[in-house]
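Structure first, commentary second.
The values are calculated or read from the model by the stated rules, or taken from the named source; none is laboratory data. Since this is a predicted model, take the numbers as computed values, not measurements. Please note: Cβ atoms are built from the backbone with ideal geometry, for glycine as well, and neighbour counts cover all protein chains shown.
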């Protein structure tokens, strides 16, 4: 693809990113949805988005007085608000395009993926893969839990894994020149070299660090999308964090040795809510376990169970909590308060 066509794609991505940051809520939501569809269109769009995000994030390192330009104004009317947002959008676009000069003429080349691979597992299946990012040594290791899916893209300047669903453990090959990013539906994990686990079963999303250091950037809306307003959670070995219902819970200590016990056929829980436990167990069942009410969801479990034998768990739950088990047709099980 020619340089002009490449820049047009980058400009389009920057426009959508900026609109998602400064437009009114409905328009911002539409911009985010449009950007997600556009990224999924083809690999060229994905590469353009990566370069656009590089330029966008570089704004965070610019002069502090730039922030005043984008502070939320007191609008006199909806027309005033539209005019101000339009000026903000144009200013952001000019600033972001200006950062292209900082990357040199090879910026687009650097953001073309050199490796793209998708991985997916089904019920009770585990998968291990090694990425070709080791610079002649062992590459990053990915262990994919049951009913999980992700796509890995390696660029010349960064390594990006998009976790679509499920749970994965990462042993990252150190390479300070190419940060390793894991994208989830609730935010991005950034790391240089470490071992950690990310789990997203459709409800709460958890990040746990076995050793090393990662940064978690929750997804933002409105003016919090501006680079200098982004929140960041620092996690070190033995730290874990859960994002539930859009809120980041306090960082807590976790048993680093048990973070990915599922790789050895075990599910280990340490004071974990049942609304996190049950999706992990369901990844190994043909018929699901259902939580019938919020009270049951909030019960916290500590224990060690065989991943392939959920009966062990079901046998002890009524003794541990005031709940009852209802067995339905097809093997489905419902847990409700008693």
Review point. Taking the stretch 140-154, which residues are crowded, with 20+ Cβ neighbours inside 10 Å and either assigned to a loop (DSSP other than H, G, I, E, B) or in contact with a helix residue (DSSP H, G or I) (Cβ under 6 Å, 6 or more places away or on another chain) (or both)?
Key: 140, 145, 146, 147, 148
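Tell me, please, whether a residue that is within 22 Å of residue 308 (Cα to Cα), crowded, with 16+ Cβ neighbours inside 10 Å and either assigned by TED's automatic domain parsing to the domain that holds residue 47 or in contact with a strand residue (DSSP E or B) (Cβ under 7 Å, 6 or more places away or on another chain) (or both) can be found in the stretch 180-187. Break it down into steps so the answer makes sense when it comes.
Let us first name the residues in the stretch 180-187 that are within 22 Å of residue 308 (Cα to Cα), namely none.
Within the stretch 180-187 (the criterion being within 22 Å of residue 308 (Cα to Cα), crowded, with 16+ Cβ neighbours inside 10 Å and either assigned by TED's automatic domain parsing to the domain that holds residue 47 or in contact with a strand residue (DSSP E or B) (Cβ under 7 Å, 6 or more places away or on another chain) (or both)), the answer is no, since none of the residues qualifies.
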Practice item. Being assigned to a strand (DSSP E or B), touching a residue at least 24 places away in the same chain (Cβ under 8 Å) and either surrounded by fewer than 14 Cβ atoms within 10 Å (Cβ to Cβ) or out of contact with any strand residue (DSSP E or B) (no Cβ under 7 Å at 6 or more places or on another chain) (or both) is the filter here, so list the residues in the stretch 241-275 that pass it. Key: 244, 271
**Study point:** The one condition in (1) in contact (Cβ under 8 Å) with a residue 60 or more places away in the chain; (2) part of a strand (DSSP E or B) that residue 336 fails to fulfil
**Key:** (1)
Exercise for review: Please verify whether the stretch 107-125 includes one or more residues that are part of a loop (DSSP other than H, G, I, E, B), touching a strand residue (DSSP E or B) at 6+ places or on another chain (Cβ under 8 Å) and under 30 Å from residue 289 (Cβ atoms).
Suggested key: yes
Practice item. For residues that are farther than 14 Å from residue 334 by Cα and out of contact with any helix residue (DSSP H, G or I) (no Cβ under 8 Å at 6 or more places or on another chain), scanning just the stretch 306-321, find the one that is surrounded by the fewest Cβ atoms within 10 Å (Cβ to Cβ). Key: 319
Point to revise | Among residues of the stretch 162-183, those that are under 11 Å from the mean Cα position of the chain (by Cα) and closer than 17 Å to residue 239 by Cβ, counted | key: 1
Review point. Which one is surrounded by the fewest Cβ atoms within 10 Å (Cβ to Cβ), of the residues in the stretch 114-139 that are farther than 20 Å from residue 267 by Cβ and free of Cβ contacts under 8 Å to residues at least 24 places away in the same chain?
Key: 136
Practice item. Looking only at the stretch 216-235, decide whether some residue is farther than 30 Å from residue 18 by Cα, surrounded by fewer than 16 Cβ atoms within 10 Å (Cβ to Cβ) and either in contact with a helix residue (DSSP H, G or I) (Cβ under 9 Å, 6 or more places away or on another chain) or at pLDDT below 95 (or both). Key: no
